[in-house]
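What follows is a set of notes on a single structure, which appears directly below.
What follows is calculated from the coordinates using simple rules that are stated; it is not laboratory data. Every value quoted in this text rests on a predicted model; they were computed, and no experiment measured them. No Cβ is skipped: glycine too gets one built from the backbone with ideal geometry, and neighbour counts run over all protein chains shown.
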Amino acid sequence: MKLYKTLLADFEEMSLGYSAIGIIASSCLGSVAAMLILMNGHTFIEMFQLFIVVAVCMAFNTVILAQFKAKIVFNTLLLSLAISSIFILINIF
């Protein structure tokens, strides 16, 4: 919890710069997840996984463009990175 509070305080201090880096990180990790999902096939399960990854990455971009509070942006960034990472790990193995 201490790490979360430290990172959140740092994010709130420099939210504009970190938001730009967050868009790059979320988009890159999301595109890797999408590529791995599509490499496994085109069934309903893969398309549903792809929908989740795309929706969460787009939600993060929307939160930034709507200029939500820094805490909401930070939490959405963490969610986006976590979801993309989970689907990357699921589709690698």
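Please go through (1) more than 17 Å from I92 (Cα to Cα); (2) over 12 Å from the mean Cα position of the chain (by Cα); (3) β-branched (V, I, T) for I45 and return the number of the only condition it doesn't satisfy.
(1)
From the set of residues in region 50-66 that are of a type outside the set (A, V, I, L, M) and closer than 14 Å to L29 by Cβ, which is farthest from the chain's Cα centre (by Cα)?
N61
Listed here are the residues, each with its yes/no results for (1) under 19 Å from A9 (Cβ atoms); (2) of a type in the set (K, R); (3) in contact (Cβ under 8 Å) with a residue 12 or more places away in the chain; (4) assigned to a helix (DSSP H, G or I).
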| residue | (1), (2), (3), (4) |
| --- | --- |
| M35 | no, no, no, yes |
| A59 | no, no, yes, yes |
| Q67 | no, no, no, no |
| S84 | no, no, yes, yes |
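Scan region 37-46 residue by residue and report those that are loosely packed, with under 13 Cβ neighbours inside 10 Å and in a helix (DSSP H, G or I).
M39, F44, I45
Which one of S31, S26 is in contact (Cβ under 8 Å) with a residue 40 or more places away in the chain, assigned to a helix (DSSP H, G or I) and among the hydroxyl-bearing types (S, T, Y)?
S26
Could you check region 60-84 and list, in sequence order, the residues that are surrounded by 14 or more Cβ atoms within 10 Å (Cβ to Cβ) and of a type in the set (G, A, S)?
Result: A70, S80, S84.
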